[in-house]
Amino acid sequence: MEARVAKIGAAVSNMGRGLLKASAGILGPLAAATGLFAKMGDNLDKMSARTGISTELLSALGFASEQTGQDVATLEKSLSRMQRSLFDAGRGLATPIDALEQIGLRIEDLDKLSPDEQFVKIAEGISKLKDPTTQAGVAMSIFGQAGRKMLPLLAGGAAGI
């Protein structure tokens, strides 16, 4: 009887060691994923602080950008350039004012909006342009050289975003 109990005890002990190894195999990748997600969240927070765009919209734009072949760094540069264009339009510079007029917007209308709302309004305006050359020109005037890379993202306008 004592030998049987010892055998059962050894079997249970072996099962416990096996489960411990299995759980380590599962928990290791989960811990790595948690670290990755935390880093991504931190990067989004920092990008939000630099651009004024909400982390929610940045997360969605980042995903959509990657789906259209653009990286998040290019997206951030584009958003920063958009803000510079709006600043320049507010100072009366002709190029950004003309680009906004092409899509039916005025700087006075955009000044009252959050950066999120400004981006969506601009995207909506660009999406309504029928001529691809005009779309590219306006996108590049507002978002800089990366504006043409953003065209697939902007094509759906507010609904697509």
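The values are calculated or read from the model by the stated rules, or taken from the named source; none is laboratory data. As the structure is a computational prediction, the values presented were derived from the model and not from experiment. Using ideal geometry, Cβ is built from the backbone for each residue, glycine included, and neighbour counts are taken over all protein chains shown. These area figures cover heavy atoms from the full protein model, side chains too; ligands, DNA and RNA do not enter into them. Shrake-Rupley method; radii C 1.70, N 1.55, O 1.52, S 1.80 Å.
Enumerate by residue number the trypsin sites (Lys or Arg not before Pro) in segment 48-100 meeting two conditions: DSSP loop (anything except H, G, I, E, B), and at most 13 other Cβ atoms within 10 Å of the site's Cβ. Answer by residue number: 91. In segment 63-132, the portion of solvent-accessible area held by carbon and sulfur atoms comes to 51 percent [1.4 Å probe, whole percent, DNA, RNA and ligands not counted]. Which aspartates and glutamates have a Cα lying under 16 Å from the Cα of residue 130, excluding residues fewer than 8 positions away in the same chain? Within reach: 101.
Of the three principal axes defined by the Cα atoms of segment 61-161, the extents in descending order read 35, 26, 23 Å.
With θ taken as phi - 60° and the Karplus curve 6.51 cos²θ - 1.76 cosθ + 1.60 applied, the whole-hertz 3J(HN,Hα) list for segment 115-124 is x, 4, 5, 4, 4, 5, 4, 5, 4, 4 Hz, x standing for glycine and proline. Backbone geometry of segment 57-74 corresponds, through the Karplus equation with coefficients 6.51, -1.76 and 1.60 at θ = phi - 60°, to 3J(HN,Hα) couplings of 5, 4, 4, 5, 5, x, 5, 4, 4, 5, 5, 9, x, 10, 8, 5, 5, 5 Hz, x marking Gly and Pro. Checking every one of the trypsin sites (Lys or Arg not before Pro) in segment 127-161 against DSSP loop status and a limit of 11 other Cβ atoms within 10 Å picks out 128, 130.
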